1. Please enumerate the residues belonging to the range 130-162 that are farther than 21 Å from GLY266 by Cβ and at pLDDT below 95.
2. Considering only the range 38-62, state which residues are in contact (Cβ under 8 Å) with a residue 60 or more places away in the chain and touching a strand residue (DSSP E or B) at 6+ places or on another chain (Cβ under 7 Å).
3. With respect to ALA70, determine if the residue is buried (at least 20 other Cβ atoms within 10 Å of the Cβ), hydrophobic (A, V, I, L, M, F, W, C), at pLDDT below 95 and under 18 Å from ARG217 (Cβ atoms).
4. Among the numbered conditions (1) loosely packed, with under 15 Cβ neighbours inside 10 Å; (2) outside any loop (DSSP other than H, G, I, E, B); (3) modelled with pLDDT under 95; (4) within 21 Å of the chain's Cα centre (by Cα), tell me where VAL318 comes up short.
5. I need every pair where a residue in the range 13-29 that is surrounded by 15 or more Cβ atoms within 10 Å (Cβ to Cβ) has its Cβ under 8 Å from the Cβ of a residue that is among the polar types (S, T, N, Q), sequence separation at least 6 or different chains.
6. Which residue is modelled with the lowest pLDDT, if the candidates are limited to the range 218-238 and must be farther than 22 Å from ARG73 by Cβ and touching a Leu at 6+ places or on another chain (Cβ under 7 Å)?
7. Residues in the range 239-249: is at least one of a type outside the set (A, V, I, L, M, F, W, C), modelled with pLDDT of 95 or more and out of contact with any Ser or Thr (no Cβ under 6 Å at 6 or more places or on another chain)?
8. Inside the range 145-164, can you point out the residues that are surrounded by fewer than 21 Cβ atoms within 10 Å (Cβ to Cβ) and assigned to a strand (DSSP E or B)?
Amino acid sequence: MYIKHEIYAADVSGIAAENLPWEKLAGKNILVTGATGLIGTLIVDVLMKKNLDDKLNVKVFAAGRNEKVATERFSDYRGDKNFSFVKLDVNEPINLDAQVDFIIHSASNSQNKLFSSDPVNTIMANILGTYNLLEFAVKSKSERCVFVSSGDSYGKPLKEDDVFDEEYCGYINPNTLRAGYLEGKRAGEALCQAFISKYNLDVVIARPCRIYGPTMRLDDSKAMSEFIMNGVRGEDIVLKSQGLPKFSYCYGADCACGIFYCLLKGGCGEAYNISDSSEILSLREIAEYVSSLAGKKVVFELPDEMQARGFLKVLKVVLSNDKLRGLGWTPKDDTRSGVKKTVEILRTIVK
């Protein structure tokens, strides 16, 4: 595994031990896009764990654009007959010379700074990239696809105390730079429904909220990620606002587990929120908690212009997870325990 830590190994083992119909994947081929990302890494590690422990014999095609990163992340699988890295840009037609039975599409820009610095690829990975993968799924006669959308696709709440269930539709102003990500996810979901209708393709939509965990990029610009890295490095926690907004979060292992529930138990055409609902903390409360782990303090600093353009200007975004719980999924970590685990793991990696 990329992360040599007992906590991470326990997370992977915990997902692999879930009471799911894993036999559906036995002897099949699965393509995971965004495989070196926060969620994709966990998905690949769990599948390879199932191969090792339970002889699932699922062939994993881990797709990404950076072969060097993939080589580092998946060094343990080098030479394994059930693992292949596929250098792939989803914005190009998919020409994978293999039968693929299942697809998990998790490739996407999801950082504020990338919404601003790489806006075209941000939107196209979710529209053109999703189209290319769905086209490939039809040609490959795939059994099921999971499109990893986003809780951000709900937009702004219509009322401050609204909780977003899967039928909710908030407001999005398309005339903003950040809208490329939000509208791209919405359009990607619409494409899924179109392929279900026209080609009878089996597609499930996962809507994760704000995800964090030890497999995140160390230069991730999301507020939670920056707080965690400040804590890992023993620095003061930098808060670029008064810290009033409250969002649903989810620890990476719980999110990956939720995606497996979507893949193996979800309904075709259905969308499922993936979020922890045990405690909704404000950005300031999270910053204060991380700073307490590091023995540091919270300092306030205004964002630069580029970062500010990518911020979501709402005070509360809370996702209901009742529908996914109905499939049997339960998050194992709340925000505090997930953050603590993430900081502890990354302290062994970041020098």
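The values are calculated or read from the model by the stated rules, or taken from the named source; none is laboratory data. Note that the structure is a prediction, hence the values are computed from the model and not measured. Ideal geometry is used to build each Cβ from the backbone, glycine not excepted, and the neighbour counts take in all protein chains shown.
1. Passing the criteria: GLY155, LYS156, PRO157, LEU158, LYS159, GLU160, ASP161, ASP162.
2. LEU38, ILE39, GLY40, ILE43
3. yes
4. (1)
5. Short answer, once both residue conditions are applied: ASN29/GLN99.
6. Taking the candidates together, the pick is ALA223.
7. No, the range 239-249 contains no residue that is of a type outside the set (A, V, I, L, M, F, W, C), modelled with pLDDT of 95 or more and out of contact with any Ser or Thr (no Cβ under 6 Å at 6 or more places or on another chain).
8. The answer is LYS156, VAL163.
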